[in-house]
1. If we only count strands (runs of 3 or more DSSP E) wholly inside the range B:16-115, which ones have 3 or more residues that are among the charged types (D, E, K, R)?
2. Can you run down the residue pairs with Cβ atoms below 8 Å, 6 or more apart or on separate chains, where the first is in the range A:38-66 and at the interface with another protein chain (Cβ under 10 Å from one of its Cβ atoms) and on the phi > 0 side of the Ramachandran plot and the partner is open to solvent by less than 60 Å² (accessible area, probe 1.4 Å) and at pLDDT 95 or above?
3. So which of A:Phe34, A:Phe99 ends up being within 14 Å of another protein chain (Cβ to nearest Cβ), under 13 Å from the mean Cα position of the chain (by Cα) and at pLDDT below 95?
4. Those residues that are open to solvent by 20 Å² or more (accessible area, probe 1.4 Å), under 14 Å from B:Ser18 (Cβ atoms) and under 14 Å from the mean Cα position of the chain (by Cα), I need them from the range B:64-115; list them, please.
Amino acid sequence: QKEVEQNSGPLSVPEGAIASLNCTYSDRVSQSFFWYRQYSGKSPELIMSIYSNGDKEDGRFTAQLNKASQYVSLLIRDSQPSDSATYLCAVRGTYKYIFGTGTRLKVLA
Amino acid sequence: GAVVSQHPSWVICKSGTSVKIECRSLDFQATTMFWYRQFPKQSLMLMATSNEGSKATYEQGVEKDKFLINHASLTLSTLTVTSAHPEDSSFYICSADPDTNSPLHFGNGTRLTVT
């Protein structure tokens, strides 16, 4: 079992719709969770961080964390073509960050 | 805040030469920095963890004699690709976090092409 799992996609959504990206992790003691966006040929940029159970909203983005289910998700409301990118889920381990392989999102105009 | 600067952004070198990539934390001190490599359409792969004042910790399968890491100060880590070969052509990205409660921030990456 991979430490951080994501569906590779592509996930295609129409412009204006809600995109839902999911991630599961295996280490129960993990406390810090992050979502990064990576455009092709660029380095990852931080979208959201979440540390406690529940929802955290920032603009069009909402991160959701459920530690009991070892599940973290990212919702993107009113999706725009500029949101088309690969979204990486990351979990902070004891000494390093564990990244998922990323979900490729395509927002169709 | 939490800006990580990486230089150069791209470099082309001939096979057999060495290339040095610099990673600087501009507004915070980083005792630890992480070096990643990413091939086209593949995921990030952690190469090594750079530790200020001590030896780097390399991931399994990464040749420490080929990828030399130096973390001589709290704001600078360098990765030197020695005797580069075409198969070393990749996107190299460094990252750091201000503290264990803060997110990881990435440099802009260095695209290395070995001819």
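1. Values: elements: B:19-25, B:32-38, B:45-51, B:67-73, B:76-81, B:90-96, B:110-114.
Strands (runs of 3 or more DSSP E) meeting the threshold: B:19-25.
2. From residues that are at the interface with another protein chain (Cβ under 10 Å from one of its Cβ atoms) and on the phi > 0 side of the Ramachandran plot, the pairs are A:Gly41/B:Phe91.
3. On inspection, the qualifying residue turns out to be A:Phe99.
4. Within the range B:64-115, B:Lys66, B:Leu68, B:Ile69, B:Asn70, B:Thr80, B:Thr82 qualify.
The values are calculated or read from the model by the stated rules, or taken from the named source; none is laboratory data. Given the structure is predicted, the values throughout are model-derived calculations rather than measurements. In this analysis, Cβ positions are derived from the backbone assuming ideal geometry, glycine residues included, and neighbour counts consider all displayed protein chains. For accessibility, only protein heavy atoms count, side chains too; no ligands or nucleic acids. Shrake-Rupley method; radii C 1.70, N 1.55, O 1.52, S 1.80 Å.
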